[in-house]
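Structure first, then comments.
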Amino acid sequence: MIDILQVATLPPALLERLSKNYRIHDCVDGKGADELLSKVGPNIRGILAGGTQGPDANLIGSLPNLEIIVSHSVGFDATDVAAAQSRGVIVTHTPEVLTGDVADLAMTLILMVTRRVGESERFLRRGEWLKRRMDFGVTVKGRTLGILGLGRIGKAVARRAEAFGLNVAFHDIQPLGDLPYRHYPTLLDLAEASDILLVACEGGPANRGLVNRAVLEALGPKGYLVNTARGPIVDQDALIAALQTGLIAGAGLDVFDGEPSVPDALLDMENVVLTPHIASSTHETRRAMADLVVANLDAHFSGKAVLTPVPRQIS
Ligand code: 8YV
């Protein structure tokens, strides 16, 4: 049996599959870490991580026989990839398999917030319809969707948005070659040109607070912010203030800074749609992500190349 440290909450069915070949040591959220690692630390050869729970440089450095970190997520910002790679530790993630579902949820939030679907449902359930008609939303057709980060997921949302008659524009730090969408060299310019701004870029320290007060101000009082990437990319306090003061019109959020805790100020607002980080949460996608986690671990421990390594972060 190969000893693996589990640092992220993972589907029980995945853990059960893995338990046939691997001895999994539960250390989710650092639970009992010191005692556990003093016993099994030198035996640990792999780590199971996730999108918001992953090993830092300290943990990676404390495991002398660590060979691989397998993340049950496309985003790998919770794992210190540079620390791992500089020690020769492989890091894998789960790209492609979740792209469609994440893009579907982004599109759902766009439609929900502009058409006031959550608000309308609460209105109906409260019995308000018997007294008056619900206020109007706005048409998405003809409006501009600005995408921050035109990677796999951003492109998949762009294709869906085109079918809804949205004009697509984007900002990305990578040169992306010829694309049928208008490119803006700065995020501020993109926000200025957008009716809806979608955050679809990577998380991590470099992008913390990228969507700040100035970006929200540029988006403007008729603008909507949608985030299906990572909570900390948006300055959450600035967002709350912008929503409360009408600096922007509304927001659709699947991710939060400090999740799973969500500020009361957001819970109390009618002009926001809130979902609990469910963009990849379908039976089909979670099954495919689990398959990839197993395939990466099995490949590595049978001497083969892993299927989906994360790109190199160090030169
Ligand atoms: C998951 C994610 O919620 O893939 C990602 O980057 O954030 C999500 O798909 C999570 O990582 C599941 O473990």
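The values are calculated or read from the model by the stated rules, or taken from the named source; none is laboratory data. Keep in mind that this is a model prediction, so the values were computed, not measured. Glycine gets a Cβ as well: all are built from the backbone with ideal geometry, and neighbour counts include every protein chain shown. Calculation scope for accessible area: heavy atoms of the full protein, side chains included, ligands and nucleic acids excluded. Shrake-Rupley method; radii C 1.70, N 1.55, O 1.52, S 1.80 Å.
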Rounded to the nearest 0.05, FRET efficiency between Leu130 and Arg213 (Cβ-Cβ, R0 41 Å) equals 0.50
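Could you give the alpha-carbon Rg of region 99-274 over 2.2 N^0.38 Å, rounded to two decimals? Walk me through the numbers on the way to the answer.
On the way: Rg = 15.6 Å, N = 176, 2.2 N^0.38 = 15.7 Å.
Dividing the Cα Rg of region 99-274 by 2.2 N^0.38 Å gives 1.00.
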Counting Lys and Arg as +1 and Asp and Glu as -1, each charge on the Cβ, what is the dipole of region 160-315 about the Cα centre in debye, to the nearest 20?
460 debye
Determine the distance separating the Cα centre of region 201-280 from the Cα centre of region 78-113; give it in Å without decimals.
18 Å
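What's the tally of Lys pairs in the chain whose alpha-carbon atoms lie under 27 angstrom apart, where the two lysines are 8 or more places apart or on different chains? All intermediate terms of the calculation are to be shown ahead of the outcome.
On the way: Lys20/Lys31; Lys20/Lys39; Lys20/Lys304; Lys31/Lys39; Lys141/Lys155; Lys141/Lys222; Lys155/Lys222.
Lysine pair count for the chain: 7.
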Can you give the FRET efficiency for Ile173 and Thr9, using 1/(1 + (r/R0)^6), R0 = 30 Å, r = Cβ-Cβ distance, to the nearest 0.05?
0.45
Only Cα pairs within less than 10 Å get springs; with that Gaussian network setup on the chain, which residue of Arg230, Arg213, Arg125 has the largest fluctuation?
Arg125
Under a 1.4 Å probe, what is the accessible area of the chain per residue, stated in Å²?
48 Å²
Extent of the chain along each principal axis, from alpha carbon coordinates, in Å, largest to smallest?
64, 48, 32
Sorted from largest down, give the three principal axis spans of the alpha carbons of region 5-107, whole angstrom values.
47, 31, 22
Rounded to the nearest 20 debye, dipole of the chain from Cβ charges on Lys, Arg, Asp, Glu
740 debye
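Step by step: find N for region 1-42, compute 2.2 N^0.38 Å, then divide the Cα radius of gyration by it. What's the final number?
Details: Rg = 10.4 Å, N = 42, 2.2 N^0.38 = 9.1 Å.
The reported ratio for this selection is 1.14.
How do the peptides 92-101, 20-29, 194-203 rank, highest first, by the average count of neighbouring beta carbon atoms within 10 Å per residue?
On the way: 92-101: 20.6, 20-29: 15.8, 194-203: 24.9.
Descending mean neighbour count gives 194-203, 92-101, 20-29.
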